[in-house]
Amino acid sequence: MRKHIVSLAIAFIYCSLYVNANQLTKSGEVQTAKQYTTSQTGNLRLSYRGELQFTTDKKPDVDASISINQDKKFQTILGIGGALTDASAETFFKMPVSKQNEFIKAYYNQTDGIGYTLARTNMNSCDFSSDSYTYVSDNDVALKSFNISHDLKYRVPFIKKAIDAAGGKLTLYVSPWSPPAWMKDNNNMLQGGKLLPEYNQAWANYYVRFIREYEKNGIPVWGLSVQNEPMAKQTWESCIFSATEEKDFVKNYLGPTLHKSGMADKKVIIWDHNRDLMFQRASDAYSDKEAAKYIWGTGFHWYENWAGGSQQFSNVQRVNEAFPDKNLIFTEGCIGDFDLAKINDWNHGEHYGESMINDFNNGTVAWTDWNVLLDEQGGPNHVKNFCFAPVHYNTKTDELIYSNEFYYIGHFSKFVKPGARRISVASTKSYLLTTAFQNVDGKIAIVVMNQGDKSQSGLIWINGKSAKTIIPERSISTFVIE
């Protein structure tokens, strides 16, 4: 593991060298590209692989080609990041200060880390909390007892450290797993249930109070989702909203309440569940103009293939095609069934790479991983729904473990910044997945993932010129063209 951290540190040093505002990619002026690679073999972890030279040689002997057209631009990227949950915060404060500093720098430093710019957090408890809790006393419809003292112990200071490490700005949105039990028809935060109609307004007010309290504590909130996984009855915190119920709640309560409270700028995200039903959900919500005017976009997860099978990326494309004026945001994904012995399973990172490439290519503007940090059990989690995270802290051995998930995500988050535009790119091989972006400063980042078991020689084509490279088996590479 120490070798991985050293390799990452070396890569970060090289990354700092290529930032030069005077060397921007313009049509016909391509000169060099820098390659960074993570691979199953060779102990490469976001490792700098050298500089590629572009030439006009038209017929080199190679296995594959990647062709870029930066004149064809698509969605603007909002950010890439992960969820700052109770579990992550509690685990963070179990570490010694030196480990805390290492962790926060690795994720959020824009030069020496993988540069996360996006975050999600929970409103009320979720499965990745140590217990169930809310911010009000029972039956307090007026919310006079509302306070976030629970979050002030771990989560608020944790989020503030992440914001500071990110350079003072971190786009944060919040998601509820359940209203307080007394607002629901099953009188339970767990096991699904529904919001009772008489508490629609109180629940809408609850979002506003939460946002105000967080902002009073120095944590700006960019947006919110209506309900995490609104079609799932879970053993943990959950609440069912049908498409009509969610749409009407936004139209009649949440949207107007945000506007009346001076929060019209807060972005409202619907669905926040799997890709399988996202087209149906978006179609229903956006067909109602009075509801749609309050909605920024559709959030989605990847658990439609939890028991195996392919991810339904085409549904992301369908929503993008049908509603181009609305946004798409991946709001949660993780690998379940935690087993410490499988922490470096290469398939985990590849699952992330496949998802991120396809989601971005289908119009997604932001991508959010689940917990940024968990312990050696895959928790804490009050219902024992233990999962993998990109980074784990072993409380027994005092070891920070960076899994390949961390590096796969880093191939996007480190090089694709807010404001970047996705650009057109294509591969000649089906097992070489690729996506590409042009950042605000003009630099182009091309991500290429080799799913095959053989190393590939390849050409990176742009503006009529090409650069030859090697793409290792079972690897992901980012090529930065200046």
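Summary of computed values
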{"item": "For segment 379-396, Karplus couplings with θ = phi - 60° (6.51, -1.76, 1.60), whole Hz, Gly/Pro x", "result": "x, x, 7, 6, 10, 6, 8, 6, 9, 8, 9, x, 10, 10, 10, 7, 5, 7"}
{"item": "Charge-dipole axis of segment 18-168 as Lys and Arg at +1 and Asp and Glu at -1 on Cβ define it, positive-most pick from Asn43, Ala162, Ser145", "result": "Asn43"}
{"item": "Antiparallel DSSP beta bridges within segment 79-415, as percent of all bridges there, nearest 5", "result": "15 percent"}
{"item": "Rounded if a/c under 1.5, otherwise prolate or oblate - segment 235-320, Cα gyration tensor axes", "result": "prolate"}
{"item": "Dipole magnitude of segment 70-109 about its Cα centre (Cβ charges: Lys, Arg +1; Asp, Glu -1), debye to nearest 20", "result": "140 debye"}
{"item": "Distance violations [Cα-Cα > 32 Å] among Lys161/Lys184; Lys105/Lys429; Lys216/Lys443; Lys72/Lys468", "result": "Lys161/Lys184; Lys105/Lys429; Lys216/Lys443"}
{"item": "Rounded to whole Hz, the Karplus (6.51, -1.76, 1.60) HN-Hα couplings of segment 134-142, x for glycine and proline", "result": "9, 10, 9, 7, 4, 6, 8, 5, 7"}
{"item": "Kirkwood-Stokes translational diffusion coefficient of segment 68-128, alpha-carbon pairs, 10 °C, 1.306 mPa s, µm²/s", "result": "114 µm²/s"}
{"item": "Around Val141: net Lys/Arg minus Asp/Glu count, Cβ-Cβ under 13 Å", "result": "-1"}
{"item": "Simple Cβ-charge dipole of segment 197-335, Lys/Arg +1 and Asp/Glu -1, about Cα centre, in debye nearest 20", "result": "360 debye"}
{"item": "At 1.002 mPa s and 20 °C, Stokes diffusion of segment 159-313 via Kirkwood alpha-carbon radius, µm² per second", "result": "131 µm²/s"}
{"item": "Relative packing of 147-158, 410-421, which averages over residues the other C-beta atoms within 10 Å, highest first", "result": "410-421, 147-158"}
{"item": "Leu433 long-range amide H proximity, modeled H, under 5 Å", "result": "Met449, Gln451"}
{"item": "For segment 103-173, size of Cβ-based charge dipole, Lys and Arg +1, Asp and Glu -1, in debye", "result": "300 debye"}
{"item": "J(HN,Hα) series, segment 73-83, from Karplus relation 6.51 cos²θ - 1.76 cosθ + 1.60, nearest Hz, glycine and proline x", "result": "10, 10, 5, 8, 7, 8, x, 9, x, x, 8"}
{"item": "Rg [Å, one decimal], Dmax [Å, integer] - the chain, C-alpha atoms", "result": "22.3, 74"}
{"item": "Interchain or long-range residues, amide H under 5 Å from His382's placed H", "result": "Ser129"}
{"item": "Value of relative contact order over segment 79-415, rounded to a whole percent, pairs C-alpha under 8 Å and six or more apart", "result": "20 percent"}
{"item": "Alpha-carbon centroid distance for the pair segment 242-294 / segment 129-158, whole angstrom", "result": "25 Å"}
{"item": "Dipole of the chain [Lys/Arg +1, Asp/Glu -1 at C-beta], most positive-end residue of Gly223, Trp177, Ser424", "result": "Ser424"}
{"item": "Neighbour cut-off at most 14 other Cβ (10 Å), DSSP loop, chymotrypsin sites (Phe, Trp or Tyr not before Pro), segment 313-356", "result": "none"}
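No value in this document is a laboratory result; all are computed from the given coordinates. Fair warning: this is a prediction, and the values are worked out from it, not measured in the lab. For neighbour counting, all protein chains shown are included, and Cβ atoms are generated from backbone atoms with ideal geometry for every residue, glycine included.
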